[in-house]
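Notes for the one structure printed next.
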Amino acid sequence: MDLDQQRDLMLSQLQQRGITSPRVLKAMRDVPREAFVLPDFREDAYADSALPLTHKQTISQPLIVALMAQVLELKPEDCVLEVGTGSGYAATVLGNLCGEVFTVERITDLAITAAETIRQLDIRNVHVRFGDGIKGWPAESPYDAISVAAGGDHVPSALLDQLAIGGRLVIPLGSKPDSLALVRIRKVDKDRYERENFGRVHFVPLLPDTT
């Protein structure tokens, strides 16, 4: 099966599992996932599963990337913060849906590799920074949307502070790493939020930079 056929199968699976946004489906088709996975896993780039990266990290399965993008309800002019760059794949999908993406990665090697992949693909609206994602990227705030690609038991206050009124934040939340739910938090006023649960998910833990 060639890459086009694999992409078509991935899109069919996404639609069957609840991804209905035409813009998200187009972004999932347009972003070459094979460019972001390790060389040994390129034949599995469009499989419906997470794939390993270095440093015990993973590139999320296509369904999770698409679901988070759909839940964020992105508009072409939106400015987005991503916490947890990983390979850079999800940030690039988001970049296909909005104006600017600022993504923070706490592992130096991953940040460097993601930035280089994005540069090679000539993507101009995705900006990678090495640092503690729990602190966000204050200089570019406020954000219309924030995507947190790691799980925890609470939302870091710095991220809520950097979210614009009317903005959406998507994060895996739960008291235990194996019982996380994907939650969307909508900031309806300065100190007022609405929450919605989108089902169970599996993510690496949200950790601060310790270097």
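Some observations on this one:
- Of the listed requirements (1) over 26 Å from ARG124 (Cα atoms); (2) in contact (Cβ under 8 Å) with a residue 12 or more places away in the chain; (3) among the hydrophobic types (A, V, I, L, M, F, W, C), MET1 misses just one: (2).
- Residue count for the range 99-117, restricted to those that are open to solvent by 10 Å² or more (accessible area, probe 1.4 Å) and within 18 Å of PRO142 (Cα to Cα): 3
- Exclusive hit being surrounded by 14 or more Cβ atoms within 10 Å (Cβ to Cβ) and of a type in the set (Val, Ile, Thr), set THR54, THR92, THR20: THR92
- PRO172 being touching a residue at least 12 places away in the same chain (Cβ under 8 Å) and farther than 25 Å from PHE36 by Cβ: no
- Test: residue in the range 106-117 that is within 15 Å of ASP30 (Cα to Cα), in a loop (DSSP other than H, G, I, E, B) and either within 15 Å of the chain's Cα centre (by Cα) or free of Cβ contacts under 8 Å to residues at least 12 places away in the same chain (or both): no
- Only residues that are modelled with pLDDT of 95 or more and loosely packed, with under 13 Cβ neighbours inside 10 Å were counted across the range 23-46, and they come to 1.
- When the range 118-145 is filtered for residues that are open to solvent by 60 Å² or more (accessible area, probe 1.4 Å) and part of a loop (DSSP other than H, G, I, E, B), the ones remaining, listed by number, are LEU121, ASP122, ARG124, PRO142.
- Number of residues in the range 1-12 that are assigned to a helix (DSSP H, G or I) and open to solvent by 60 Å² or more (accessible area, probe 1.4 Å): the value is 5.
The values are calculated or read from the model by the stated rules, or taken from the named source; none is laboratory data. Keep in mind that this is a model prediction, so the values were computed, not measured. Every residue, glycine among them, receives a Cβ derived from its backbone with ideal geometry; neighbour counts consider all protein chains shown. Note: areas computed on protein heavy atoms with side chains; ligands, DNA, RNA excluded. Shrake-Rupley method; radii C 1.70, N 1.55, O 1.52, S 1.80 Å.
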